[in-house]
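A short write-up of the structure that comes next.
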Amino acid sequence: MKKQLYVLCLAAGLVACSQEDNGAAQQYGKAEQLYEQGQYTRSKEAIDSIGILYPKAFDEIKRGMQLMRKINLKEYERNLAYADSMLLVSRAEVERLKADFFLEKDAQYQEVGNYIYKTEKNSPVVNRSYVRAQVSEQGEMMISSVYFGAAGLKHQSMRVEAPDGTYALTAVIPYDGARNYSFINNGNTTEIVTYKGPQMISVASLIYNTPGKIKVSYEGKKPYSFYLDERSRRMINASYELAAALQSVKDFTREQAVASKTVEVLRRQIAENEPEINR
């Protein structure tokens with residue numbers, strides 16, 4: 001009786017193992033079919049389910065891992081192709097926009113130069129209040145609030161306001177003799193405060209995206225406001241576009257490098273594991 005019971009249990013176990021092997025094989029086959037159809041997300045889901053539903057199906061789990069590498073390879077090859085194409089587009093856009101700028105760079109003292117809008121070339125010394133913009137070679141946009149007048153404001157920030165009352169503020173830049181500095185010449189005071197990147201992006205965005213008159217207010221010891229002139233608007237808008245294009249080049253260059261390295265690693269891993277999978 002005990003012997004018969006043992007045989008029955010053994011047979012039941014063999015049937016269960018056979019069913020599990022068949023189920024795992026079918027699930028892997030489904031994953032492979034989805035892969036061939038280019039349905040990578042669904043194929044990944046099918047691969048993941050093998051380990052969950054059939055944890056002892058080691059051969060199918062191992063084959064699933066190899067298939068997962070192949071799916072990842074396809075996806076990163078696609079990412080690489082996209083980054084390659086967009087990098088060409090972004091670089092062409094940068095070259096197109098740069099035609100309206102000149103590069104100001106002292107090779108002896110500066111590692112990174114700045115693109116200045118064409119209207120500012122050979123411009124006279126500061127003798128007016130206006131908003132100035134420029135873009136570094138690395139794609140960082142900068143805005144400067146320039147004040148010229150008989151009495152100083154000691155301003156540290158700038159506010160811009162659209163006709164509908166929407167407004168944006170720069171960061172506060174305390175006087176430091178560099179990014180916030182002033183000087184007196186022939187009895188007139190000049191103040192220049194420069195805001196970089198995140199410190200001014202909301203201001204630049206509002207100006208770029210808002211038609212109509214923009215009111216500019218310098219925030220300091222004394223109130224001072226004026227309306228943005230068309231020359232400054234063109235300079236800011238062109239700088240905004242150039243900064244965005246340069247940033248796109250940086251982003252796609254980084255994406256290209258990551259995708260290229262990942263493709264290299266995945267191809268090596270697939271080649272190393274293929275002999276064991278095909279035993």
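The values are calculated or read from the model by the stated rules, or taken from the named source; none is laboratory data. The shown structure was predicted, so the numbers you read here are calculated from the model rather than taken from an experiment. Cβ atoms come from the backbone with ideal geometry, glycine included; neighbour counts cover every protein chain shown. What goes into the accessible areas is simple: the full protein's heavy atoms, side chains included, and nothing from ligands, DNA or RNA. Shrake-Rupley method; radii C 1.70, N 1.55, O 1.52, S 1.80 Å.
Taking K and R as +1 and D and E as -1, what net charge do the other residues with C-beta under 12 Å from the C-beta of GLU120 add up to?
Values: positive: LYS118, LYS121, ARG132, ARG231, ARG234; negative: ASP100, GLU104.
Overall, the nearby charge balance is +3.
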**Apportionment of accessible area to carbon and sulfur, region 14-110, percent (1.4 Å)** = 51
**Item:** Calculated from backbone phi, Karplus (6.51, -1.76, 1.60) coupling profile of region 149-165 in Hz, x at Gly/Pro
**Value:** x, 5, 10, x, 9, 6, 7, 10, 7, 9, 10, 10, 9, 7, x, 8, x
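If you count only protein heavy atoms with a 1.4 Å probe, what accessible area per residue comes out for region 85-206, rounded to a whole Å²?
On the way: 6530 Å² over 122 residues.
Result: 54 Å² of accessible area for each residue.
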**Prompt:** Near the amide H of MET158, under 5 Å away, which other amide H atoms are found, from residues 5 or more places off or on another chain, if H is placed in the peptide plane?
**Reply:** THR170, GLU219
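Per DSSP H run of at least 4 residues, take -39500 (n - 2.57); add these up for the chain, divide by its residues and hand me the 222 nm value, nearest 500 deg cm²/dmol. Spell out each step's value before the answer.
Numbers: 5 runs with 147 residues, N = 279.
It comes out at -19000 deg cm²/dmol, rounded to the nearest 500.
Carbon and sulfur together cover what percent of the accessible area of region 145-254 at a 1.4 Å probe radius?
Values: 2920 of 5550 Å².
Using a 1.4 Å probe with all protein chains present, region 145-254 comes out at 53 percent carbon and sulfur.
Taking the Cβ of ARG91 as the center, what net charge do the other residues with Cβ under 13 Å away carry, scoring Lys and Arg +1 and Asp and Glu -1? Walk me through the intermediate numbers first.
Numbers: positive: ARG96, LYS98, LYS250; negative: ASP84, GLU93, GLU95, ASP251.
Taking every other residue near ARG91 into account, the sum is -1.
Take the Cα gyration tensor of region 125-279, multiply each eigenvalue by 5, square-root it, and list the three semi-axes largest first, rounded to whole angstrom.
Semi-axis lengths for region 125-279 are 47, 17, 12 Å.
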**Request:** Count the net charge of all other residues whose Cβ sits under 11 Å from the Cβ of ASP229, scoring Lys and Arg as +1 and Asp and Glu as -1.
**Result:** +4
**Complete:** Once the in-chain neighbours fewer than 8 apart are removed, the aspartates and glutamates whose Cα is under 20 Å from LYS74 read GLU32, GLU36, GLU45, ASP48, ASP84, GLU255, GLU264, GLU272, GLU274
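For the cross-link pairs LYS105/LYS213; LYS105/LYS215; LYS98/LYS250, which exceed 24 Å when the distance is taken from alpha carbon to alpha carbon?
With Cα atoms farther than 24 Å apart: LYS105/LYS213; LYS105/LYS215.
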